[in-house]
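Colleague: Questions regarding the structure given below will be posed in turn.
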Amino acid sequence: MSKKIEKCRNCKSKNLINLFSLGKLRFTGKFPSKKQNVPFGEITLVMCNKCKLVQLNKNFSLKYLYNKDYGYRTGVNRTMTKHVHDVVKNLQKKVKIKKNDNVLDIASNDGTLLSFYNKKTISWGIDPILNKYKKNYNKIDYGVNDFFNLKSINRINKKVKFKIITALAVFYDLEDPNIFLNAINKLLDKNGIFYLEFQDLLKIIKNNMFDTICHEHLEYYSVTFINNILRKHNLRLFDHKYNEINGGSSSYFICHKDSVYKTNKIKINKILQNESKANIHSRSTYIKFKNKIDQCKKSLNNLIVKIKKEKKIIHGYAASTKGNVLLQYFNLNNKKIDYISDRNPLKQNLYTPGTKIKIISEKLSRNLKPSYYLVLAWHFKKEILLREKEVRKKGTKFIFPLPTLKII
C-alpha cells in the first residue's frame, strides 16, 4: 500500500530533511460504507536538502487512491466550474486556435473543463477515473482512461501536437515529475501553451492550509522550484498568476524555451524574491507552520466541546479529501460532528474514513436544523455564504476552521 522513498523524487539526492508529521491517517480520499475498513497511511513531510523539493516521504498505491470510488468531481462545484471556464477562455485569448487544433486536459475528471472549448478544436481528456464519467465525454473527441503518459497518447496518434495542454491539481500527485515534463515537452506544439495549476507552497504556509497535505499529494511546489525544473526540460515559465482556488493556488503559463511568448521577468523575479524572503526552504518555517496548525486544532476543539455541552447540533459542510485530513488530525469524530451535508449523491449514505461520520443530503441536513455547520470546504467561503443565505437567516452559524477560526 505504501513504500518509503530513499531519495528525492526530482534530483535523486538521498539527503532528505524531516519537516513534520500528521501521523497515521486513514486514506483521506475514501468514503467507505459503514462496514468497510479504510487502511492507514502515515503522512510525513520532508524536504530535499539539495533541490529543496518539499514532498511526502512515502509513495502510496495509485491503483488504490484513484479507482471508481474516488470522490472528487469538478462539475459539482460552481466556483470550480466557473474557474475552469475562465481558464479555457483566457488560454484561447493567448493562443490562436485554428480548426482541428488539438487540446489536452490531463486529469480531466468529469470533462467539465473540456466542455468549454470551441467546437472546432479536437479535444482530448486523460484520467484514470474517466470511465466513471463516460456520459460526460460524448462530445469530447478522445477520452483516455489512464494516468497521463506518452504511450497512451501515442497509441491513438503518434504525431499529435497540442496547442494547449492543461493540468490542474495533478502535478503534485507524481512519483516522478521529470517523466511528466518530458512527455509535455514532446507533446506540446512549438508555440503551444502548457497551463499548470496547483496549490502554492507559500500560500499553504501562510494560510494554514495543512489540509491539502494528504496521501494523494506527494509534492508541494514553490514557484522557485517550478522555474528550475522546467529548464531541465527546455521549457520556460513565461507568466504566473496567483488565484484563490482551494485557498490559494498558482497558475503557471509555460511554453517551449524558444517559443514566441515573452517572459514576464519583472513579475516572476518579484515572486522569487518574495519566496526567498519568506524562507520557505528553511526547516524553521515548517516548525512554525506545524505549531500554528496545532493551535488551530486546540481552538476548534475547545469551541466544539463548548457547543456540545450546550446540547447543540453540529453538521459538517461538504465531504472532501481535505475535510478528511482536518477531521482526522483534529480528532473530530461522530461524537462531535453529528452528520456531514454534501450535495454529491455519490457520497450520500457513506462515511468519513476513521472518524465515521455519516454523509447525508443537503436537504436532510437542513431539515434536521443544525445550530452550526463546520465548513470543511472553507476555501469556498464566498460561494457557501451566498448559497446558504436563507439557512443563515434562520439562525444557523457557519464555523470556518481555517486559515483562522471564525464563526459567521
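Colleague: Please specify each residue of region 289-315 satisfying the condition of being in a helix (DSSP H, G or I), loosely packed, with under 15 Cβ neighbours inside 10 Å and not hydroxyl-bearing (Ser, Thr, Tyr).
Modeller: To start, the set of residues in region 289-315 that are in a helix (DSSP H, G or I) comprises 289-309.
Next, only the ones that are loosely packed, with under 15 Cβ neighbours inside 10 Å stay: 291, 294-295, 298-299, 301-302, 305-306, 309.
If the condition is that a residue be in a helix (DSSP H, G or I), loosely packed, with under 15 Cβ neighbours inside 10 Å and not hydroxyl-bearing (Ser, Thr, Tyr), then 291, 294, 295, 298, 301, 302, 305, 306, 309 are the ones that fit.
Colleague: Out of (1) in the same structural domain as residue 90 (by TED's automatic domain parsing); (2) on the phi < 0 side of the Ramachandran plot, what's the single condition that is false for residue 293?
Modeller: Status for residue 293: all satisfied but (1).
Colleague: Got a number for residues in region 107-146 being of a type in the set (A, V, I, L, M, F, W, C), surrounded by fewer than 22 Cβ atoms within 10 Å (Cβ to Cβ) and in contact (Cβ under 8 Å) with a residue 40 or more places away in the chain?
Modeller: Looking only at that region, the number is 1.
Colleague: Just one of (1) more than 19 Å from residue 374 (Cα to Cα); (2) surrounded by 13 or more Cβ atoms within 10 Å (Cβ to Cβ); (3) in contact with a Lys or Arg (Cβ under 9 Å, 6 or more places away or on another chain) trips up residue 324, so point out which.
Modeller: It fails just one condition, (1).
Colleague: Among the listed residues 356, 322, identify the single one that is closer than 22 Å to residue 38 by Cβ, basic (Lys, Arg) and either at pLDDT below 95 or in contact with a helix residue (DSSP H, G or I) (Cβ under 6 Å, 6 or more places away or on another chain) (or both).
Modeller: Numbers: 356 fails: either at pLDDT below 95 or in contact with a helix residue (DSSP H, G or I) (Cβ under 6 Å, 6 or more places away or on another chain) (or both).
The conditions single out 322.
Colleague: Which ones in region 325-353 are under 14 Å from residue 402 (Cβ atoms) and in a helix (DSSP H, G or I)?
Modeller: Of all residues in region 325-353, those under 14 Å from residue 402 (Cβ atoms) come to 325-327, 329-330, 332.
Within region 325-353, 325, 326, 327, 329 meet the criteria.
Colleague: Return only the number of the condition from (1) at pLDDT below 95; (2) out of contact with any strand residue (DSSP E or B) (no Cβ under 6 Å at 6 or more places or on another chain); (3) not aromatic (Phe, Trp, Tyr) that residue 347 does not satisfy.
Modeller: (2)
Colleague: Now a separate question. Just to be sure I understand, how many residues within region 10-19 are touching a strand residue (DSSP E or B) at 6+ places or on another chain (Cβ under 6 Å) and either farther than 29 Å from residue 231 by Cβ or not in a strand (DSSP E or B) (or both)? It would help to see each step written out before you state the result.
Modeller: Going residue by residue through region 10-19, those that are touching a strand residue (DSSP E or B) at 6+ places or on another chain (Cβ under 6 Å) are 13, 16-19.
Of the ones still in play, those that are also either farther than 29 Å from residue 231 by Cβ or not in a strand (DSSP E or B) (or both) are 13.
Count: 1.
Colleague: Can you say whether residue 204 is surrounded by 23 or more Cβ atoms within 10 Å (Cβ to Cβ), farther than 16 Å from residue 278 by Cα and touching a strand residue (DSSP E or B) at 6+ places or on another chain (Cβ under 7 Å), as far as the supplied structure shows?
Modeller: Numbers: surrounded by 23 or more Cβ atoms within 10 Å (Cβ to Cβ): yes; farther than 16 Å from residue 278 by Cα: no; touching a strand residue (DSSP E or B) at 6+ places or on another chain (Cβ under 7 Å): yes.
Judged against the criteria, residue 204 is not a match.
Colleague: For residues in region 237-277 being of a type in the set (A, V, I, L, M) and in contact with a helix residue (DSSP H, G or I) (Cβ under 8 Å, 6 or more places away or on another chain), which is modelled with the lowest pLDDT? Steps first, answer last, please.
Modeller: As a first pass, look at region 237-277 and keep what is of a type in the set (A, V, I, L, M): 237, 245, 254, 260, 266, 268, 271-272.
Of the ones still in play, those that are also in contact with a helix residue (DSSP H, G or I) (Cβ under 8 Å, 6 or more places away or on another chain) are 237, 245, 254, 268, 271-272.
On the way: 237: 98, 245: 87, 254: 99, 268: 98, 271: 97, 272: 97.
Checked region 237-277; the qualifying residue modelled with the lowest pLDDT is 245.
Colleague: Now, a different point. Which condition number does residue 17 fail, the rest of (1) more than 15 Å from residue 215 (Cα to Cα); (2) of a type in the set (A, V, I, L, M, F, W, C); (3) touching a Lys or Arg at 6+ places or on another chain (Cβ under 7 Å); (4) crowded, with 16+ Cβ neighbours inside 10 Å being met?
Modeller: The one condition residue 17 does not meet is (4).
Colleague: Still on this structure: Give just the number: which of (1) outside any helix (DSSP H, G or I); (2) among the aromatic types (Phe, Trp, Tyr); (3) within 22 Å of the chain's Cα centre (by Cα) does residue 286 not satisfy?
Modeller: So residue 286 meets the others, but not (1).
Colleague: Which condition does residue 130 not pass, out of (1) among the hydrophobic types (A, V, I, L, M, F, W, C); (2) modelled with pLDDT under 95; (3) out of contact with any Gly (no Cβ under 9 Å at 6 or more places or on another chain), if it passes all the others?
Modeller: Every condition holds for residue 130 apart from (3).
Colleague: When the residues of region 147-162 are filtered to those that are basic (Lys, Arg) and within 21 Å of residue 177 (Cα to Cα), which remaining residue is surrounded by the most Cβ atoms within 10 Å (Cβ to Cβ)? Write out each step before concluding.
Modeller: We begin by selecting, within region 147-162, every residue basic (Lys, Arg); these are 151, 155, 158-159, 161.
Going one step further and asking which of them are within 21 Å of residue 177 (Cα to Cα), we end up with 151, 161.
Working: 151: 8, 161: 15.
Step by step, filter region 147-162, then rank; the result is 161.
Colleague: Hey, can you tell me all the residues within region 75-105 that are farther than 21 Å from residue 382 by Cβ and either in a loop (DSSP other than H, G, I, E, B) or within 21 Å of the chain's Cα centre (by Cα) (or both)?
Modeller: Keep residues of region 75-105 that are farther than 21 Å from residue 382 by Cβ, which gives 88, 91-105.
88, 91, 95, 96, 97, 98, 99, 100, 101, 104, 105 - these are the residues of region 75-105 that are farther than 21 Å from residue 382 by Cβ and either in a loop (DSSP other than H, G, I, E, B) or within 21 Å of the chain's Cα centre (by Cα) (or both).
Colleague: Additional query: Select from region 331-349 the residues that are more than 19 Å from residue 367 (Cα to Cα) and surrounded by 23 or more Cβ atoms within 10 Å (Cβ to Cβ) and list them in ascending order.
Modeller: Answer for region 331-349, where residues must be more than 19 Å from residue 367 (Cα to Cα) and surrounded by 23 or more Cβ atoms within 10 Å (Cβ to Cβ): just 332.
The values are calculated or read from the model by the stated rules, or taken from the named source; none is laboratory data. None of these values were measured; they are calculated from a predicted model. Virtual Cβ from ideal backbone geometry, glycine too; neighbours counted across all protein chains shown.
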